[in-house]
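The values are calculated or read from the model by the stated rules, or taken from the named source; none is laboratory data. Just so we're clear, the structure is a prediction, and the values are computed from it rather than from any experiment. Here Cβ is always computed from backbone atoms with ideal geometry, including for glycine, and neighbour counts include all displayed protein chains. For the accessible areas, the whole protein counts, side chains as well, though only heavy atoms, and no ligand, DNA or RNA atoms are used. Shrake-Rupley method; radii C 1.70, N 1.55, O 1.52, S 1.80 Å.
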Amino acid sequence: MGFGQLLRRLRSAADQGFDFREIEDEIEYLAEFEAETSRAEALALTGDASMRIWALGLIGDARDLPILVAALDDPALRFTALEAVGGQRDRGPIDAIARGYLTDPDPAVRSKAAGLVAWLRRPGYVAALMPLTGDPDQDVRSGITNRLAMRGDATAVPLLRVMLGDPVERIRRNAQRGLDRLTRLP
């Protein structure tokens, strides 16, 4: 079965609430080992822009970055497009793109953007994320804390210290765990 057919099957299975892990495994395999053919089929996919953007992100071909960036203009595709941008192999433009969505009105988009910025850990990332320590959405704050607690570096210590004062106990606990990890690093 081809990449495009698998994408359609995945959408159908997800829409019907079926388990789609095996289909997703097949798609990921083809995206990695038959990237050019998979890319052509993803580009040809009609009627499901979200699935097309997701698939192009999975393939991670630099030629598709302009398509992914253009999809960021559509609020309905923005979250998926940010996720897809994160799949690019050239990390250079990803941080700048993600930082542009740290103030998006949609908390899921802010959280995705913050996760990318935290994951990339480019210079100034802590300062860029610091305003989100007061985000009204606890999932945004939690996502930042979790990402930095698991993958942060010593520069994340000031941000995690701020999160020790978060009103949500789970976030405070994760910030403390992150600080414990980071202060034990050589």
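What does the extension gain come out to for Val69 and Arg21, with contour length at 0.36 nm per residue minus their alpha carbon separation?
14.5 nm
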Discussion item. So I have [x] 41, 26, 13; [y] 33, 17, 16; [z] 57, 19, 14, and one of them is semi-axes √(5λ) of the Cα gyration tensor in Å calculated from this model. Which one is it?
Written reply: [y]
Worksheet item: Expressed as a whole number of Å, what is the distance separating the alpha-carbon centroids of the range 56-118 and the range 161-175?
Response: 27 Å
Practice prompt. For the range 84-170, just say rounded, prolate or oblate: build the C-alpha gyration tensor, square-root its eigenvalues into a ≥ b ≥ c, call rounded for a/c under 1.5, and beyond that prolate if a/b exceeds b/c, oblate if not.
Written response: oblate
Worksheet item: If you take the beta carbon distance between Arg177 and Asp137 as r and set R0 to 25 Å, what does 1/(1 + (r/R0)^6) give as a FRET efficiency, to the nearest 0.05?
Response: 0.75
Worksheet item: By how many nm would the segment from Ala76 to Ala13 lengthen if fully extended, with 0.36 nm per residue of separation less the alpha-carbon distance?
Response: 20.6 nm
Fill in: Between 0 and 90°, nearest 10: helix 138-151 axis offset from the chain longest Cα axis
90 degrees
Worksheet item: Of all accessible surface on the range 69-186 at a 1.4 Å probe, what whole percent is carbon and sulfur?
Response: 54 percent
Worksheet entry | Point-to-point label distance, Leu120-Asp106, nm (Cα→Cβ direction, 7 Å offset) | 1.9 nm
Item to complete: Please calculate how many Å² of accessible area the range 59-186 carries per residue, with a 1.4 Å probe and no DNA, RNA or ligand atoms counted.
Response: 48 Å²
